[in-house]
Amino acid sequence: MLERVTTRLPLSPTERSTPQRSANRAVAEREILDEVLDAGLVCHLAVTIDGAPLVLPTGYGRDGDTLYLHGSTGSASMRAGSAGVPVCVAVTLLDGIVYARSVFHHSVNYRSAVVHGRAVPVTDDEAKLRGLRVLTEHLAPGSWDYTRQPSRKELAATTLLAIDLTEASVKVRAGSPIDEPDDVGTHEGWAGVLPLRRIWGPPVSSDDLPAGIDAPEHVMRRPAPDPPC
Ligand SMILES: Cc1cc2nc3c(=O)[nH]c(=O)nc-3n(C[C@H](O)[C@H](O)[C@H](O)COP(=O)(O)OP(=O)(O)OC[C@H]3O[C@@H](n4cnc5c(N)ncnc54)[C@H](O)[C@@H]3O)c2cc1C
């Protein structure tokens, strides 16, 4: 069982990490940041390379107040992150589409997190294995102990970046459309929310899997990321 780091630091401590627009949707509790990051599966990593922004989807894992990202040592975004340039990471959970009585007030229900900071490459072997384990267990819980561990060559070919979660923000929108009072009184059509839920499908065995090997418990019984409400 992986022991979690328990250090707690303040959320959104800087001007750039403080939501300005629709600030009523900003959430100050660090526990909600944890929940959003733990419920998400992929993030978007933003870096600036040669003066131009680059945003790439990638996997991640959280250990206490550290976010881990990984990739090939040959990857441009990993190289940029390793060089200590500022990075920004976003995790988005789309919870539903909000159908308002006007086009203007159509919206989405969501939970989202934005993390600002500088990435630090993790080079110590023990720390790197721990971070990779956190990341693997986030995307594929149960796989670290079930599968072969990284070889020295595989470890050397992998960049692991650690990003401190001190400078982070969370926004949440939930509930009904917010319509103009005139529209509520005059529009005769439907308004409301169409919730979006994520569920896993049944496991599909690898094409080259010998007959008679079933998917293990941690794959078969994996809970849906969005439990029914
Ligand atoms: C799925 C989804 C769809 C959205 N669609 C729209 C849309 O179509 N139009 C629109 O105007 N807005 C949309 N938003 C909200 C959008 O993300 C911004 O919050 C909003 O546009 C305000 O942007 P801004 O540039 O004024 O940010 P500011 O409020 O100036 O941002 C300041 C800081 O607040 C934090 N912050 C801002 N937004 C978020 C966020 N969503 N989550 C966590 N931290 C945040 C960041 O740290 C940022 O640096 C959407 C959000 C989500 C999750």
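The values are calculated or read from the model by the stated rules, or taken from the named source; none is laboratory data. Keep in mind the model is a prediction, meaning the values are calculated, not measured. Note that we place each Cβ from the backbone using ideal geometry, even for glycine, and neighbour counts take in every protein chain shown.
What to note about this one:
- Checking Arg130, Arg79, Arg111, Arg62 one by one, the residue that is modelled with pLDDT under 95 and of a type in the set (Lys, Arg) is Arg79 and no other.
- Taking every residue in the range 18-29 that is free of Cβ contacts under 8 Å to residues at least 12 places away in the same chain and pairing it with any residue that is in a helix (DSSP H, G or I) and surrounded by 12 or more Cβ atoms within 10 Å (Cβ to Cβ), at least 6 positions away or on another chain, yields no pair with a Cβ-Cβ distance below 8 Å.
- Answer from Val103, Val115 - the residue that is within 16 Å of the ligand (Cβ to nearest atom) and either within 26 Å of Thr48 (Cβ to Cβ) or among the acidic types (Asp, Glu) (or both): Val115
- Consider the range 78-98 and keep the residues that are within 16 Å of the ligand (Cβ to nearest atom) and farther than 19 Å from Val114 by Cα. The one that is surrounded by the most Cβ atoms within 10 Å (Cβ to Cβ) is Val98.
- Close contacts from the range 171-198, counting a first residue that is in contact (Cβ under 8 Å) with a residue 60 or more places away in the chain and a second that is away from the ligand (no atom under 16 Å from the Cβ) and of a type in the set (D, E, K, R), with Cβ to Cβ under 6 Å and a gap of 6+ residues or different chains, come to Asp179/Arg101; Asp183/Arg101; His187/Arg101; Ala191/Arg101.
- The residues on offer are Leu196, Leu160, Leu139, Leu155, and the sole one that is of a type outside the set (Phe, Trp, Tyr), in contact with a Leu (Cβ under 8 Å, 6 or more places away or on another chain) and over 24 Å from Leu33 (Cα atoms) is Leu155.
- In the set (1) assigned to a strand (DSSP E or B); (2) within 16 Å of the ligand (Cβ to nearest atom), the condition left unmet by Val120 is number (2).
- Helices (runs of 4 or more DSSP H) fully within the range 137-229 that include at least 1 residues being surrounded by 15 or more Cβ atoms within 10 Å (Cβ to Cβ): 143-146, 181-186, 217-220.
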